[in-house]
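Notes follow once the structure below has been shown.
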Amino acid sequence: MKKVRKKRKKRVRSRDWHTEGDFAFSHDRAKHLRTGSIPEEEEAPLGIPEGQAPNGLVVSIAGPWASVQMGDEEPLCRIDERMMFGRSSVLAPGDEVFVEPEEDALFIRASAPRRTKLSRPAIQGGRVREQIIAANVDVLVIVASVLRPRFKPGLVDRYLVAAGVGGVTPLLCINKLDLVEEEPKEIAVYREVGLQVIATSCLTGDGIEELHDALRGKLSVLAGHSGVGKSSILNAMDASLDIRTREVSDYSEKGKHTTSASRLYNLPGGVRVIDTPGIRELGLWGVSHEELTFFFPEIEALAPQCRFRNCTHTHEPECAVREAVDAGEITRLRYESYRRIHESL
């Protein structure tokens, strides 16, 4: 008997074009930066009832509990079970929520729609779902170090794609500048494509004030490889935080996951930052092969000149992109990142 295959549900997509004019990293001023795929209906936070408004901001999450900023207080609130998947919550630091009291406890009953997000795939409840790392953030600070661990452009490129999908403006922070006499030459590539780059040293204090000023009045998220110094940067911007840090192994150049959970910090001068645990790899959510070129502006600019309209720029003949790489017009570093990401999707 012939089996009848069930049709898969199509994922609903939403385009919400990012229109801020002060960011030059994408062609046509981030024309293609968007909020990305809407999570499946059962994964979306419960909407706030009509006539109500958010009265709290999620600071951190631990299982079914969340610390919520409510005015000058930060109470621990129980997350509504309808917003849980096993031990995981659909909420993230930065979510605007509606909290209401019940008996002697506070409960998070609903969440407002997210304006932006930083997310990745994760296994939850036996399924691959979208895990929101931070919500409603204005800036993604991609923290990389020049040494210990060494600069890894591949991870930077993945974060740039994740920022584009989530509608977040990226900023590259090159940390531990005191360990070298000059910046790695690869960093110049990112300045050339229009990405804002700030070099810092927590030891000497270089660049810390510049970074603080760039984040003033915004909600930002720090993300990057383990051991690059995200928590040290926060300590340098506000010594009263005294966040625990660890040294990176000289032998393996691998950092320790000192920050075990994401948390929002309020710093002096109107700076709000979400610190996240370090990672070694970043999966991408809500990006198709066809959309990938949107987030490599130097590649998409030449794509219309390729022989084939649906050229993937990986193997096709008469590919204008590969010809530009061979001619040195597109850096091979970025092109190889594009290829690796393309193969992984």
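Taking other residues whose beta carbon is less than 14 angstrom from the beta carbon of P101, and scoring Lys, Arg as +1 and Asp, Glu as -1, yields -4.
Show me the ranking of peptides 329-342, 138-151 by mean Cβ neighbours inside 10 Å, starting with the highest. Before the final figure, lay out each step's value.
Details: 329-342: 17.6, 138-151: 22.0.
Descending packing order for the listed peptides: 138-151, 329-342.
Available extension along the chain between N266 and L76 is 66.7 nm, counting 0.36 nm per residue and deducting the alpha carbon span.
Using the C-alpha atoms of segment 97-250, what convex hull volume per residue, in cubic angstrom, is computed?
Numbers: hull volume 26.4 nm³, N = 154.
Spelled out: Cα convex hull of segment 97-250, divided by residues, is 172 Å³.
Only the coordinates and a few stated rules stand behind these numbers; no lab work does. From a predicted model like this one, the values you see are computed outputs, not experimental measurements. Glycine also receives a Cβ, built like all others from the backbone with ideal geometry; neighbour counts cover every protein chain displayed.
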